[in-house]
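The values are calculated or read from the model by the stated rules, or taken from the named source; none is laboratory data. Everything numeric here is computed off the predicted structure, so don't read it as measured data. No Cβ is skipped: glycine too gets one built from the backbone with ideal geometry, and neighbour counts run over all protein chains shown. Just the protein is used for accessible areas: all its heavy atoms, side chains included, with ligands, DNA and RNA removed. Shrake-Rupley method; radii C 1.70, N 1.55, O 1.52, S 1.80 Å.
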Amino acid sequence: MSPSGVLLHQRKRLVMRRASAVLERFQHPAQVIVTGFGAAVLLGTALLALPLATTSGQSAGWLAALFTATSAVCVTGLVVVDTETHWSVFGEVVIAALVQIGGLGIMTLATLFTVLVSGRVGLRVRIFAQAETKTVRMVDIRHVVRKVVLFSLACEAVVAVLLTARFAFGYGEPFGRAVYLGVFHAVSSFNNAGFALWSDNLMGFVSDPWICLTIAVAVIVGGLGFPVMFELVRSWRHPGKWSVLTRLTVGITAILLVGGTLVFLATEWHNPRTLGALDDPGKVLAAFFTAVMPRTAGFNSLDIAAMYPSSWLATDLLMFIGGGSAGTAGGIKVTTFGLLAFVIWAEMRGEPEVNIGHRRLPETAQRQAISISLISVALVAVSTYVMLVLTPHTLDQVLFEVVSAFGTTGLSTGITAQTGTAGQVLLVLLMFVGRTGPLTLGSALALKDRTRRYQLPEERVIVG
């Protein structure tokens, strides 16, 4: 081996030893995930606080930079300053990069980096990457991460080409500007972020099926989750062979999309400030787009503030449920919602076990679904109360904002910038918790897993 080769090999070994030393400090994969997301937020805050990141040449301030960085890393889309007019090209590129990092996941990128440096992945890093990518079995993580990255980039490339063509030939944008708009919104849509480079988000394209359907499909694909998408690619012709995860995710997603579209059509059809001003095909397109976005992508082609309170409530429910597991969406996830539905169904029928199709649901999965749901409900309720105390806004506005932040959605009734410093800090915390997950955050704070080595006598209690 040449002297340069020996030196390169020694550097690789040094990098691996330092990485291993860092990982050994953590006792649980969730700790690394939370720490990684936190580090990305801090880095993004520092970059967005630079004068170079704003159009005015002055620093945006720590709160605006922190809020925007958290919103980008947590792929939310809530903003306290106008993205189009406040941030420079450098700031917009930083936002897009943070969205990409948050969408793929810190541990996915870390595993890819380790593969590129050393050509192999240790068991501890495999476990960490498995926790982030939500793979069901301990398979070759290098293969999984490679597929995740390539699939994400391929989807974003297709969306970018379609959007670029529309912006260039349909709206007369210069080719360079069209490419920039196409790439930015491809990254933002596939990663369910909802950042747009227009002050009114996508309201100017409300009747454009090319723009709206392209972005909607990107949001749906990114929100289904990587394990589900991989299985659909392999076995899309054989639904009978799909796993329970895929059946739940696809089935409930379809129900929510159709149901949401019908709800928005029914409630907003005659609203002159939303659907009422459109023709019938435009109403259907806008209602479908509005039903897709609460999957945790904060784009909007209608004025959210002009919608009826009944539509806000329906949006709250959709945002709270969110999208698929191991994808770019937030919320409690459609799988959690589906598992709870089957648990209730089994209890109503008096069955001792919960069955989905021809498979039995483990008790651990039932407890996880119940825990995630109850913790999420409690967090939303407490945060809503605190926000009501801190701000002068109404309950429906505050609840919408809190659920949007927790579900990493990004839709808003327009009060985000008016919640004050304390309110915005609360929203930052909600976005971070919503992205990392209540159970992930809780387990990251726990030093050790505790296992009880005995069982107490059983006693029945009255329920209900």
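Ignoring aspartates and glutamates fewer than eight residues from residue 333 along the same chain, the ones with Cα atoms less than 16 angstrom from its Cα are 132, 316.
A straight chain from residue 348 to residue 82 at 0.36 nm per residue would run longer than the Cα-Cα distance by 90.8 nm. Nonpolar atom fraction for the stretch 345-438, defined as the carbon and sulfur part of the 1.4 Å probe accessible area, stands at 62 percent. Taking amide H as placed 1.01 Å from N in the peptide plane, the amide H of residue 54 sits under 5 Å from that of 88, each at least 5 places away or on another chain. Among 393, 143, 185, 358, the order of accessible area from largest down is 358, 143, 393, 185, computed with a 1.4 Å probe on protein heavy atoms. If R0 is taken as 22 Å, the Cβ-Cβ distance between residue 355 and residue 463 corresponds to a FRET efficiency of 0.50. With both labels modelled 7 Å from their Cα along Cα-to-Cβ, the residue 270 to residue 238 distance reads 5.3 nm. Near residue 356, the amide H atoms lying under 5 Å from its own belong to 361; only residues 5 or more places off or on other chains count, and H is placed 1.01 Å from N. Testing the spin-label approximation: label points 7 Å from Cα along Cα→Cβ at residue 303 and residue 39. State their distance in nm. The two pseudo-label positions are separated by 4.6 nm. Computed from the C-beta positions of residue 310 and residue 453, the FRET efficiency with R₀ = 41 Å rounds to 0.20.
The residues of the stretch 303-388 present an accessible area of 51 Å² per residue when probed at 1.4 Å with all protein chains retained. Hey, quick one: spin label on residue 421, modelled 7 Å out along Cα-Cβ, who in the stretch 35-51 has an amide N within reach, i.e. under 18 Å? Answer for the stretch 35-51: 49.
The slack between residue 203 and residue 50, meaning 0.36 nm per residue of separation minus the straight C-alpha distance, is 52.0 nm. Look at the dipole of the stretch 191-284 built from charges on Cβ: of 246, 196, 277, the Cα furthest out on the positive end belongs to 246. In plain terms, the bigger the Kirkwood radius, the slower the diffusion; for the stretch 238-379, with that radius from Cα pairs, at 20 °C and 1.002 mPa s, Stokes-Einstein puts D at 130 µm²/s.
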